[in-house]
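After the structure tokens below, expect a handful of questions from me.
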Amino acid sequence: MSPRPHDGPADEGLSAALLRLVQDRRKVDALRSQLSGFCHRCRNSLNGIKLSLYLFRREARGGIPASWPELEATYQQIEGLFDSLQAIYRPMAIARVRLDVESLMADHLPKWRSWFESRGLSIRLEGPEEPVPGDLDPVQLGAGLDALARWRAEAGSPGTVARVCWAACDGAIEVSWDESASGSSGAVARESAGPGGDWQPAGRSVDALALPILARVVAEHGGRLQIGRVRGLSIRARWPQFEPADACRQA
């Protein structure tokens, strides 16, 4: 998808390439036509492997090799990769409701905190004093933010602090995710995740595809995702705060 060579893990190169595509609906349509058949064939093969793993475990009668947990984990990672790919290109129905961004964040914070603290990381929310209402799809946006939080919990280094902020500005909602080592400070540079960006995500988890998943959700809200990295990962998601009155319902 990208003519630029990539020396890192394959999922990182894929993530960077997809980030250049998912914020353009025409390119998402082309991506769907190119990948849907491929993913379907791979899913069929995976189903055969899954059945073989099940039959082997059932017939082994306690004689499972020591490498079995690693084998099952590898299978689950591959299956998760295709789950993520399909989440990126499949049709996405956005059902906006009007609610405060604080409510969405508060609903998801407990699971984010459990993921982070289990790996020696920390996460904190920093919202404005006044509630920030907006028209958004809490299911799709929540799933995109969950994917991001899970990936960063897996990929982050011990001592990393993630700070999640939000605000309303010039008719738009902006949600920011900034990471730094504990005790560090300073501004983080920003660059666009649109076509031509050279940013590559850190970490070696398949969940690095969380970034194009979130970018797709934000694009379907009429917004953009911006990403940068100097002293830590910096993400900005921005979309229109309100839709026309007849386009959404009250939560």
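Would you mind working out the magnitude of the charge dipole of the range 106-161 relative to its Cα centre, with +1 at each Lys and Arg C-beta and -1 at each Asp and Glu C-beta, to the nearest 20 Debye? Don't jump to the answer; show the numbers that get you there.
Details: 6 positive and 9 negative charges, 88 e Å.
It works out to roughly 420 debye.
Here is a follow-up. Which length gain, in nm to one decimal place, applies between Q34 and Q86 when the Cα-Cα distance is subtracted from 0.36 nm times their residue separation?
Numbers: separation 52, 0.36 × 52 = 18.72 nm, distance 1.17 nm.
Length gained, Q34 through Q86: 17.5 nm.
Also, I was wondering about something else. Can you compute the charge dipole magnitude of the range 1-139 about its Cα centre, using +1 on each Lys and Arg Cβ and -1 on each Asp and Glu Cβ, nothing else charged? Give it in debye, rounded to the nearest 20. Spell out each step's value before the answer.
Values: 19 positive and 19 negative charges, 160 e Å.
Charge dipole of the range 1-139: 760 debye, to the nearest 20.
Near L55, within a Cβ-to-Cβ distance under 15 Å, what is the net charge of the other residues, with Lys and Arg +1 and Asp and Glu -1? If you can, show how the numbers build up before the last one.
Details: positive: K50, R57, R58, R61; negative: E59, E72.
Taking every Cβ under 15 Å from that of L55, the sum is +2.
How large a share of the accessible area of the range 38-106, in percent, is made up of carbon and sulfur atoms when the probe is 1.4 Å and the other protein chains stay in place?
Numbers: 2480 of 4340 Å².
After summing per-atom areas, the C and S share lands at 57 percent.
Still on this structure, I have one more. Would you mind getting the accessible area per residue of the range 81-189, heavy atoms of the protein chains only, 1.4 Å probe, in Å²? Don't skip to the answer; put the middle values down first.
Numbers: 4930 Å² over 109 residues.
Per-residue value: 45 Å².
Determine the sum of side-chain charges near D100: Lys and Arg each +1, Asp and Glu each -1, restricted to other residues whose C-beta is under 12 angstrom from that of D100. Walk me through the intermediate numbers first.
Working: positive: R98; negative: E102, D107, E130, D135.
Residues near D100 contribute -3 overall.
How would you classify the range 1-150 from its alpha-carbon gyration tensor, with a ≥ b ≥ c the square roots of the eigenvalues: rounded for a/c under 1.5, else prolate if a/b is greater than b/c, otherwise oblate? If you can, show how the numbers build up before the last one.
Values: a/c = 2.06, a/b = 1.38, b/c = 1.49.
Oblate is the answer for the range 1-150, as a/c is 1.5 or above yet b/c matches or exceeds a/b.
DSSP loop (so not H, G, I, E, B), at most 13 other Cβ within 10 Å: list which GluC sites (Glu not before Pro) in the range 90-136 pass both filters. If you can, show how the numbers build up before the last one.
Values: sites: E102, E117, E126, E129; in loops: E129.
Those satisfying the criteria are E129.
Please list S15, S122 in order of solvent-accessible area, largest first, computed with a 1.4 Å probe with all protein chains present.
Working: S15 0, S122 50 Å².
I get S122, S15, largest accessible area first.
Can I ask one more? Among A106, P133, F82, which residue has its Cα positioned farthest towards the positive end of the charge dipole of the range 81-145, with +1 placed on the Cβ of Lys and Arg, -1 on the Cβ of Asp and Glu, and the dipole taken about the Cα centre?
F82
Using modelled backbone amide H atoms (1.01 Å from N, in-plane), which distant-in-sequence or interchain residues come within less than 5 Å of R231's amide H?
A189
The values are calculated or read from the model by the stated rules, or taken from the named source; none is laboratory data. What you see is a predicted model; the values in this text were computed from it and never measured. A quick note on method: Cβ atoms are made from the backbone with ideal geometry, for glycine too, and the neighbour counts reach across all protein chains shown. To get the accessible areas, we keep the full protein, side chains included, count just its heavy atoms, and leave off ligands, DNA and RNA. Shrake-Rupley method; radii C 1.70, N 1.55, O 1.52, S 1.80 Å.
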